[in-house]
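No lab work stands behind these numbers, since they all come straight from the coordinates. Predicted model only: the values in this text are computed from it and were never measured. Note that each Cβ is placed from the backbone with ideal geometry, even for glycine, and that neighbours are counted across all protein chains shown.
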Amino acid sequence: MKAIVCEGIDRLRLTEAEEPMMKAGEAIVRIRRIGICGTDLHAYKGNQPFFSYPRILGHELAGIVEAADDPSGAIQAGDQVSIIPYMHCGECIACRNGKTNCCTDMRVLGVHIDGGMRERIAVPVSHLIATNDLTLEQTAVLEPLSIGAHAVRRSGLRPGETALVIGSGPIGLGVMAFAKHLGARVIAMDIQDERLAFCEKWAKVDGTVNARHGAKEKLAELTNGDYPTIVFDATGNAGSMEGAFDLVAHGGTLVFVGLVKRDLSFNDPEFHKREMTLMGSRNATKEDFENVMAAVKSGSIDVGSFVTHRVPFEELAGQFDHWLDPQSGVIKAMAVID
């Protein structure tokens, strides 16, 4: 069985790996599509928290069940499935309260344990969602879009509110799409005009701001001086995350969807006088996957133009440096296994 292993910083290798063994309550899934995530790229460059080498990357996955041990019969051989890659313990305080996405003993495929950049993987049937009426590409992007959907749900955003989304990578775009889906007015902020144009076209945002050109003044203009009541930062950039505190309306909420491998600081008087709420948003739950799947089925989410680059699995390891170049124009890259 072929697999792609990240052996260290800037070191990816296509190699042979052992076939997975199916345990009770698991299924063997033949991987057909693999979405490339910022997590994969950060791990490749040595910037991913909670990570150790060597590791098989990959957690945005679509595949076909080859064998399943599911007493409920919900998952059967031949089913096309999306994989929920967050392996939670089911026993900690977060899990007991239904917050499986922030389990105290969380093990994410491709981060804490080996992921899906391989031909087959063993997965608990509880972490599979049948997607027989979706395409393989639609199935593979359920995971990144679910992260955006979870952030919107967690924020408490209401229809008619104004939300700012900083960062127009795949996660930020997912936040924009589901904020719009909810009925909010959405403003996108990034440092690349080409990305902002894509936000207008794909996510149908109501306004854009280039962070390098009078961003705060432009944002004030777009909100009649009020500023957004909900600000999502999906950049994973420390400077952006710290600067986001200044862009939140009084009484508003700042949600960190991105993750950076360092400490952050903010001015407490500014934080206090606004009575601001600061939130983290991590991963997603099965409910988020199901909500995204319904939105994709309805046609409100255009997966076809969201996936901008495709590559055969055997060529994947050689593409990371290219995709890290902003000039590549990549939004979402997808590896294909036929």
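Remark: the L14-A294 segment gains 97.3 nm on full extension, using 0.36 nm per residue and subtracting the alpha carbon distance. Convex hull of alpha carbon positions in region 148-280: directionally averaged projected area 7.1 nm².
Working note: Debye formula, equal point scatterers on the alpha-carbon atoms of region 200-247, no solvent; log10 I(q)/I(0) at q = 0.15, 0.21, 0.25 Å⁻¹ is -0.42, -0.84, -1.14. The label point for R30 and the one for A238, both projected 7 Å from the Cα toward the Cβ, are 4.7 nm apart.
For region 247-252, the Karplus equation 6.51 cos²θ - 1.76 cosθ + 1.60, evaluated at θ = phi - 60°, returns couplings of 10, 9, 5, 4, x, x Hz by residue, with Gly and Pro reported as x. A simple spin-label model places pseudo-atoms 7 Å from Cα toward Cβ; at K216 and D302 they are separated by 3.6 nm. Residues in region 140-150 carry Karplus couplings, in order, of 5, 8, 4, 5, x, 5, 5, 5, x, 5, 5 Hz; the curve used is 6.51 cos²θ - 1.76 cosθ + 1.60 with θ = phi - 60°, and Gly or Pro positions show x.
The alpha carbon centroids of region 101-143 and region 252-283 are separated by 29 Å.
Each DSSP beta bridge with both residues in the chain is either parallel or antiparallel, and the antiparallel ones are about 55%. Scanning residues 5 or more positions from V209 or on other chains, those with amide H under 5 Å from its amide H are A188, M189, D190, with H placed 1.01 Å from N in the peptide plane. Looking only at region 79-123, which residues have a backbone nitrogen under 19 Å from a spot 7 Å from the Cα of E287 in the C-beta direction? Inside the label zone: 84-104. In the chain, which longest range has no trypsin sites (Lys or Arg not before Pro) that are both DSSP loop (not H, G, I, E or B) and surrounded by at most 14 other Cβ atoms within 10 Å? That gives 24-203 as the longest site-free run. For the peptides 322-328, 237-243, the ranking by packing is 237-243, 322-328, with the highest mean count of neighbouring Cβ atoms within 10 Å listed first. Given a Förster radius of 35 Å and the C-beta distance between F50 and Q327 as r, what FRET efficiency does 1/(1 + (r/R0)^6) yield to the nearest 0.05? Once the sixth-power term is evaluated, E becomes 0.70.
For G46, nonlocal amide neighbours, meaning residues 5 or more places apart or on other chains whose placed amide H falls under 5 Å from its own, are D10. Pairs from the list K204/K273; K273/K332; K216/K286; K2/K332 with a Cα-Cα gap above 31 Å: K204/K273; K273/K332; K216/K286.
Amide H contacts for L278 (H built 1.01 Å from N in the peptide plane; partners 5 or more residues away or on another chain; cut-off under 5 Å): L254. Phi angles across region 291-300 convert, under the Karplus curve 6.51 cos²θ - 1.76 cosθ + 1.60 with θ = phi - 60°, into 3J(HN,Hα) values of 5, 5, 4, 5, 5, 5, 4, 6, x, 7 Hz, Gly and Pro given as x.
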